[in-house]
Amino acid sequence: MKYLVMVQGSQADYEAMRGNGSAQSPAWTEDEVKAMYAYMSAINDDLAETGELVDGQGLGEPAGTRHVTLGEDGKAVVTDGPYGETKELLAGYWVLDCASLERVTEIAERVIRCPQPAGAPVYPVVIRQIMEGAGDDVC
């Protein structure tokens with residue numbers, strides 16, 4: 001079965017990884033950023049080796065986000081981010097092809113242990129099953 005495994009973050013976290021800490025997220029050192037990337041790369045390498053990795057990407061910071069909605073007049077309304085009302089956004093994801101929910105949960109438990117500075121926010125790792133074959137019914 002395929003699963004979407006999602007990690008979350010905020011604009012403050014992206015700023016902190018550039019060394020600009022805040023009350024929401026302490027500044028990261030260059031070594032801490034390197035350790036985080038090495039840890040995530042090792043997970044990617046292991047998942048590729050087991051054949052479970054379909055895709056995985058980190059996403060750009062929320063400041064580059066764009067929302068497109070419909071206005072009351074039926075025309076598109078485009079708003080650029082970041083959005084103050086949104087605390088966390090999707091920061092990255094994996095699409096995994098795993099034998100069971102238990103296996104993908106083991107992977108998520110590994111992801112949640114990614115090294116970070118003391119005091120950095122800890123976000124849940126979200127797992128959603130991908131409904132295969134359901135795409136024909138969407139849009």
Suppose the filter is over 16 Å from the mean Cα position of the chain (by Cα) and either at positive phi or surrounded by 11 or more Cβ atoms within 10 Å (Cβ to Cβ) (or both); does THR50 pass it?
yes
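Can you find even one residue in the range 84-104 that is touching a Cys at 6+ places or on another chain (Cβ under 9 Å) and not aliphatic (A, V, I, L, M)?
Within the range 84-104 (the criterion being touching a Cys at 6+ places or on another chain (Cβ under 9 Å) and not aliphatic (A, V, I, L, M)), the answer is no, since none of the residues qualifies.
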Are there any pairs, at least 6 apart or on different chains, whose C-beta atoms fall under 6 Å, with the first in the range 16-37 and touching a residue at least 60 places away in the same chain (Cβ under 8 Å) and on the phi < 0 side of the Ramachandran plot and the second of a type in the set (Phe, Trp, Tyr) and outside any helix (DSSP H, G or I), and if so, which?
ALA16/TRP28
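Results for (1) more than 19 Å from the chain's Cα centre (by Cα); (2) part of a strand (DSSP E or B); (3) of a type in the set (Lys, Arg), shown as yes or no for each residue.
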site	(1), (2), (3)
GLU72	yes, no, no
VAL78	yes, yes, no
GLY92	no, yes, no
ALA99	yes, no, no
ARG113	no, no, yes
GLN116	no, no, no
Name, by its number, the condition in (1) under 25 Å from GLU102 (Cβ atoms); (2) touching a residue at least 24 places away in the same chain (Cβ under 8 Å); (3) over 16 Å from the mean Cα position of the chain (by Cα) that does not hold for GLN8.
(3)
Condition check for ALA63: at pLDDT 95 or above and outside any strand (DSSP E or B)
no
Would you mind stating whether THR79 is polar (S, T, N, Q) and closer than 14 Å to LEU4 by Cα?
no
Answer yes or no: is there a residue in the range 10-22 that is at pLDDT 95 or above, aromatic (Phe, Trp, Tyr) and surrounded by 14 or more Cβ atoms within 10 Å (Cβ to Cβ).
no
Please go through the range 38-60 and give me each residue that is touching a residue at least 12 places away in the same chain (Cβ under 8 Å) and not in a helix (DSSP H, G or I), ordered by number.
GLY51, GLU52, LEU53, VAL54, ASP55, GLY56, GLN57, GLY58, LEU59
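The values are calculated or read from the model by the stated rules, or taken from the named source; none is laboratory data. These figures come from a predicted structure and were not determined experimentally. A quick note on method: Cβ atoms are made from the backbone with ideal geometry, for glycine too, and the neighbour counts reach across all protein chains shown.
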